[in-house]
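Have a look at the structure below before the remarks.
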Amino acid sequence: MHNDKFISKSEIGIFIFALVLPFIFDFSPYIQGLLIFVMLWVVLGTSWNLLAGYTGQVSFGHAAFFGIGAYAAGVPFFLFKVSPWWGLLFGGITAVILGYLLGIVVFRLRGPYFALGTLAAAEILRIAFGQEEWLTNGHNGILYITTWVSKYPYYFIILAIAAGTILTVKVVMRRREGYYFLSIREDEDAASAIGINASKYKNISMGLSSFWAGMAGAFYFIYMGFIDPETVFALHNISIISILVGIIGGVGTIWGPAIGAIIMVLLQETFRSAFFGFAPQWVSGMHAFVFGLLVIFVILYLPGGVVGDWDLIKKKLHLKRKSEMKK
Amino acid sequence: MKFGKLLIALLSVSFLFSFNGCSKKETGPIKIGVILPLTGSKAKFGTMEKNAYELAKAEINAKGGINGRKIDFAYEDDTGKPDVGRAAAEKLINVDKVPMLAGGYSSSVTFAAAAVAQQYRTPFLVNTGSVDKITQPAAFNLTTKDGDKFYIYRMNPPVSEYASGLETMLSQVIKPKTVFLIHENTTFGTKGAKSFAKTAAKLGIKVLGTEAYSSGTVDFKPILLNAKKVKPDMVYMISYVMDAAMLMKQARELNFQPKLYVGAGAGFTMPAFKENAGKASEGVFSATLWHQTLPIPGAKAFYDNYIKKYGGDGPDYHGAEAYSAAYVVANVLKRCNGNYSKENIKKALDKTDMMTAFGPVKFTSYGEKIHQNKMTTYVVQWQNGALKLVWPKNLANAPIYYPIDYKKIWK
Amino acid sequence: MEMFLQSLISGLLVGGLYAIIGLGMSLIMGVLKIINLAHGQLMMVAMYVSWSAWNYLGIDPYLSVVLSVPFTFYLAKFLSKYLLNPLIEKDSILPENQVLMTVGIGMVLVELARFLFTSDYRSVQTSYTGQAWDLGGVSISIPLLIAFIVSLLLTAGLFYLLMKTDLGRSIRATAQDRLAASLMGVSAEKITVLTYGIGSALIAAAGTFFLPIFYLYPDVGPEFTAKAFVITILGGLGSTVGAITGGIVLALAETFGATYLSSGYRDAYGLVIFLLVLVFLPGGLKSLTKV
């Protein structure tokens, strides 16, 4: 599952590149905003991938952790004017606690039932957070004037969170736990039969996954300055997109979700802005359509995702090049 | 890691976009950003407002534009979501480098976008977002004395004042003793219900109950039953168009006949409401901010020209708000004397005092609000399939149909 | 008492409608073993077919069922033959690939509808929309009653199909054990395609009979997909009787919850029941009744 070297040169290269990126180019705040969104989706996709891609627990309720993390930063601010920055401390932990509690219910379920159970749990949270106005300000949402106008500090914070998420996956997948995760994914009964405490390791996987999703949620509130239940607990916009980011990039690969995040954000923004103003306005409505087509294409032809089937893509491209040369 | 290269390649592509800033020509059109929901569930209203902006733009430019330069609106789709609205505001300010924002439809989206405008010190003329706090500086960590630091201006009345016209009609004509409130569970709905409860207390009307629902509900009968059980004189509803129609249709099926049904604007004035509710729409009152038959110069002309250009059922108050906001923008820019800096535009906004097709516009301070245009609101009623202006009496184009004979109109 | 009766009648009638929505999902989940996340979107497609027939050709929405059901049936067969079935053979890490495929299909269908019909709300107006009987203070909506009767007929029809015909036996055999069924000479591939088609035809019927009661826009589907899950889990996979009881239980829970507790939590009641059933009664009601 891993190279001999824990962190390869090119991985260090990517990190340094991401770190100095804003210094090399003078990006407009708009592009900076897109980079931040890419990183946010790297965190969500990668953390989903740990639970689903590596441990086989395909969650359709990742928004539950993202949302609870966001509200862990938002509720203390709303009730007691506590700085949302504390969310970076509470967000992940609150999500882990939620993950543990949810696990009691949903880890009794398998396959599609697990998917539906997590989906229902996230939906119940969405409705409850909309109703309990005394705690969450309900559908009015919580607003706070963000600390800085400049986006650079936010970029480095979310980059650190993204690096932490990827590093967590790399570390845990090298350890014994990682092998247990994989064996649970391949056959939970067999894993239990050889003495692996499946429920313990599923909880560990859920804990790590929910921690980083919760951190992403807390960051989202700090950065956006506005949350409401419909946004942070969104079934389609958070839970499903987290999955699609993983699928397009490649489930069960370290870098898959990161690539998926880049593709998703670039595609969405290219279309939403009608090819940055070069295409007619009606194109801007097509982004969900094209994204849907891409999902269908990837599942049909690249079931391992762009990263998982990279060799396949290369071969195809290579063959093409060869046949062109023959001509 | 081969795809490391891919990552770098992809990031390098983004490098190209970093040059996508725009160079400004001093003689080209003056571009103002407009944030509206052009896709998603609120797209119908967003599109109506966009059409109204475009109509106004064509008229303004035909009459010489802004001191010789043309005016142009850069539209950004907020899709009805607060986070997208924020991103849209940031893009307009940073990429398109507009000196001023306008638009703002849903309350929550407008508020989120207003926070961005305030942060970047960019004047924002709100024309529809109606939650009270948008023009309350306290919501932005400012006080009412900070007018010079506060960049948000609002042309439409806040939701707490939507019913001011209705208030006088109720106290002078109908005099109901009890009311039941039904509202959708959004910012607009909950705030509207709360402020109407206050109004009711002032008028001595007892609130018998409040029920919230989520938009898209199929079966409103449980809610309506709870209302029917307590026999209110009046039912007050805050709903968008299709929920409004479902509510009235099912109220008719239940034979629930309070003395009057009143809608709080929003969906109840739309032609689609009447179309879907059919006979159940008859006799329903609604608070409204505008009606084409009002004796305001330009109101009827706007209504007719809109239909001429876009066809369909014609605009309601949302269209009038957007159309007039475009004229306010033009008026403000004309008074900038060629210097279109944000500060200069803000100064011109402060001094606004003009007449529009929506009514007089002047930004004043009162209570907790600053930069708020204060205006009267009206009451309309569906009579024989047409929306009639029934209040205030001196402006009405039809008498109030009351008491309501449900046997006759629901047949 | 009047209020109790009205809630009961209201819940029962809406429950009938939920039942057909759940019936299709239950069948698909039972045989294909996938969650069909495009379920509500297929219902939306059928509703647009009916609406177009009414709007452009003046065909009564109830009659347009002869257009919307076959259209959705063949569309679903096509989707399952060319997009879902090939995935069974594909080697992938997660078995949920088919589920995610339905997500992609759903997105594409919604956007196509938006492209063709815009986001505007559509509804049909007929002589019977908004008609209701008054039975001693209890109101019964006529279009809802019709939908309820149709749902009973469809349930009975599906029950007959599954229990008494060869095709039904093959479907049940495939649901129980795909491999064993293939060994017995049942073409599992054909059966899955057909099942997806039948399941979608059922939801198409639901959509068509729903149109005079509700309204239509491209995003109308997902909410009903969610309801279909709840019903399916409640009733048990592949159970016709389970689907109709599940539908009615869900609608009653929603109606009584909204009447006597809080209407803001209406959509949560079903989900809570859903989680409870998932955990404490894994086979759904089917495991109690065995049909």
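So the values come out like this:
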read-out: Extreme residue, modelled with the lowest pLDDT, among residues of segment B:25-58 that are more than 22 Å from B:V126 (Cβ to Cβ) and either in a helix (DSSP H, G or I) or of a type in the set (G, A, S) (or both); value: B:G28
read-out: Qualifying helices (runs of 4 or more DSSP H) (wholly inside segment C:44-163; at least 2 residues being within 12 Å of chain A (Cβ to nearest Cβ), closer than 30 Å to A:R110 by Cα and under 17 Å from the mean Cα position of the chain (by Cα)); value: C:97-117
read-out: Segments classed as helices (runs of 4 or more DSSP H), wholly inside segment B:162-263, with at least 2 members that are buried (at least 21 other Cβ atoms within 10 Å of the Cβ) and within 14 Å of chain C (Cβ to nearest Cβ); value: B:187-203, B:221-229, B:241-253
read-out: Any strands (runs of 3 or more DSSP E) falling wholly within segment B:330-411 and containing at least 1 residues that are modelled with pLDDT under 90; value: B:386-391
read-out: In segment B:101-126, the residues that are closer than 19 Å to B:L349 by Cα, more than 10 Å from chain A (Cβ to nearest Cβ) and under 19 Å from the mean Cα position of the chain (by Cα); value: B:L101, B:A102, B:G103, B:G104, B:T110, B:A117, B:P123, B:F124, B:L125, B:V126
read-out: Residue in segment B:343-358 that is surrounded by fewer than 19 Cβ atoms within 10 Å (Cβ to Cβ) and more than 29 Å from B:N67 (Cα to Cα) present; value: no
read-out: Residue count, segment B:359-387 (criterion: basic (K, R) and crowded, with 19+ Cβ neighbours inside 10 Å); value: 1
read-out: Test: residue in segment B:300-314 that is assigned to a helix (DSSP H, G or I), surrounded by fewer than 17 Cβ atoms within 10 Å (Cβ to Cβ) and among the hydrophobic types (A, V, I, L, M, F, W, C); value: yes
read-out: Residues of segment C:253-279 that turn out to be assigned to a loop (DSSP other than H, G, I, E, B) and either at the interface with another protein chain (Cβ under 7 Å from one of its Cβ atoms) or of a type outside the set (A, V, I, L, M, F, W, C) (or both), as a count; value: 1
read-out: Verdict on C:P212 being within 14 Å of another protein chain (Cβ to nearest Cβ), closer than 30 Å to B:K44 by Cβ and not in a helix (DSSP H, G or I); value: yes
read-out: Hey, C:I203 part of a helix (DSSP H, G or I) and surrounded by fewer than 22 Cβ atoms within 10 Å (Cβ to Cβ) or not; value: no
read-out: Per-region count, segment A:193-229, residues assigned to a loop (DSSP other than H, G, I, E, B) and either touching an Asp or Glu at 6+ places or on another chain (Cβ under 8 Å) or not β-branched (V, I, T) (or both); value: 4
read-out: Complete set of residues in segment C:250-264 that are among the small types (G, A, S), surrounded by fewer than 22 Cβ atoms within 10 Å (Cβ to Cβ) and at pLDDT 85 or above; value: C:A253
read-out: Answer residue from segment A:130-186, given it is within 11 Å of another protein chain (Cβ to nearest Cβ) and at pLDDT 90 or above and is farthest from C:R266 (Cα to Cα) among those; value: A:L182
read-out: Hits in segment A:32-57 (condition: surrounded by fewer than 24 Cβ atoms within 10 Å (Cβ to Cβ) and over 18 Å from A:N237 (Cβ atoms)); value: A:Q32, A:L35
read-out: Of residues in segment A:272-295 being crowded, with 20+ Cβ neighbours inside 10 Å and at pLDDT 85 or above, the one nearest to C:E89 (Cα to Cα); value: A:V295
read-out: Among (1) assigned to a helix (DSSP H, G or I); (2) closer than 30 Å to C:Y121 by Cβ; (3) at pLDDT below 90; (4) not polar (S, T, N, Q), the one test that C:E189 misses; value: (2)
read-out: Matching option when the condition is within 14 Å of chain B (Cβ to nearest Cβ), farther than 23 Å from A:H287 by Cα and not basic (K, R), among A:F233, A:F226; value: A:F226
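The values are calculated or read from the model by the stated rules, or taken from the named source; none is laboratory data. Predicted, not measured: the structure shown is a model, and the values here were computed from it. Here Cβ is always computed from backbone atoms with ideal geometry, including for glycine, and neighbour counts include all displayed protein chains.
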